[in-house]
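Worksheet: the structure to be examined is printed underneath.
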Amino acid sequence: MKLKKTLLVAGIGILTLATAQLLFSDEVWSDEDKPWKRRPGVAPVSNQQYAEECGACHFAYQPGWLPARSWKRLMNTLDDHFDENAELSDEVQDDLTEYLVSHSTDDATHRRSRKVMRSLSDDETPLRITRTPYVEHEHHELPDRLVAGNAKVGSLSNCSACHRRADKGSFSEREIDIPGYGRWDD
Ligand code: HEC
Ligand code: HEC
């Protein structure tokens with residue numbers, strides 16, 4: 001009798017722990033907009049070499065913004081990269097391509113990566129994050145004077161100019177602060 005009771009208590013304990021684990025795991029709550037902020041919208045950059053090489057001229061975009069096919073094409077055309085030469089040694093190029101491809105939207109579970117993926121059809125290979133339907137749509141109400149016409153921003157590609165926690169992979173609306181304009185209220 002006593003043993004049964006102990007087993008029952010232990011069983012309930014394990015069930016409670018398992019439920020808590022499930023409820024608070026990354027897989028279930030994946031949105032930075034939620035008050036408990038368990039997980040950013042895209043996985044933050046986790047490769048130091050990538051952060052240095054691909055963050056030298058602009059924000060080091062998280063791999064989870066583009067599908068693998070886009071990263072492959074971008075990495076194969078670095079000598080002609082948006083009017084710049086961003087060439088790397090073969091070895092570094094291979095390593096970074098591998099990093100980007102394996103962290104692309106293709107297998108991503110983070111919420112915003114999935115939204116990018118869902119917004120694209122299979123035959124589209126965008127070379128710009130800002131040209132993916134999801135990211136484009138999220139900014140369609142933004143007047144040009146706050147972006148290209150804003151000397152402190154320059155272009156929509158400059159994510160971290162407005163998204164204060166962009167480097168954390170967090171793009172919640174409450175974390176937007178546009179230079180010379182301020183917080184964004186819908
Ligand atoms: C020599 C400078 C330079 C380096 C190094 C560089 N880039 Fe760029 N990149 C640019 C410029 C310039 C643009 C265009 C920015 C704009 O339109 O405002 C750009 C744009 C991009 C965009 C598109 C952004 C958008 O508009 O959505 C991606 C993606 C990108 N770069 C990835 C990379 C990756 C990956 C690497 C590392 C292999 C890299 N870049 C290294 C100069 C560079
Ligand atoms: C000029 C400032 C600015 C720049 C640069 C910018 N954004 Fe934004 N972003 C905004 C504003 C403002 C909104 C909210 C727009 C709205 O609600 O109408 C927004 C919304 C978003 C959202 C949706 C947030 C939500 O409501 O859930 C995402 C995701 C996002 N931006 C990603 C990016 C990425 C990635 C880049 C860079 C490639 C970028 N943004 C560059 C200002 C900017």
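The values are calculated or read from the model by the stated rules, or taken from the named source; none is laboratory data. Because the structure is predicted, anything quoted here is derived from the model rather than measured. Cβ: placed from backbone, ideal geometry, glycine included. Neighbour counts: every protein chain shown. Heads up: the accessible areas ignore ligands, DNA and RNA and are worked out on the full protein's heavy atoms, side chains in. Shrake-Rupley method; radii C 1.70, N 1.55, O 1.52, S 1.80 Å.
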query = If only one of ASP79, ASP185 is modelled with pLDDT under 95 and either open to solvent by 60 Å² or more (accessible area, probe 1.4 Å) or part of a strand (DSSP E or B) (or both), which one is it?
reply = ASP185
key: From the options ARG69, ARG39, residue that is within 27 Å of ARG165 (Cβ to Cβ) and either open to solvent by less than 80 Å² (accessible area, probe 1.4 Å) or at pLDDT below 95 (or both)   = ARG39
task = Of the numbered conditions (1) part of a loop (DSSP other than H, G, I, E, B); (2) within 22 Å of VAL45 (Cα to Cα); (3) not β-branched (Val, Ile, Thr), GLY180 fails exactly one; give the number of that condition.
result = (2)
task = Among the candidates SER157, SER119, SER102, single out the residue that is more than 12 Å from ligand 1 (Cβ to nearest atom) and open to solvent by less than 50 Å² (accessible area, probe 1.4 Å).
result = SER119
request  = Can you work out which of the residues in segment 160-176 that are farther than 21 Å from GLY55 by Cα and open to solvent by 30 Å² or more (accessible area, probe 1.4 Å) is farthest from ligand 1 (Cβ to nearest atom)?
outcome  = ARG174
ask   = Taking segment 122-136, which residues are open to solvent by 30 Å² or more (accessible area, probe 1.4 Å) and within 16 Å of ligand 2 (Cβ to nearest atom)?
value = LEU127, ARG128, ARG131, PRO133, GLU136
request  = For SER89, indicate whether it is within 16 Å of ligand 1 (Cβ to nearest atom) and loosely packed, with under 13 Cβ neighbours inside 10 Å.
outcome  = yes
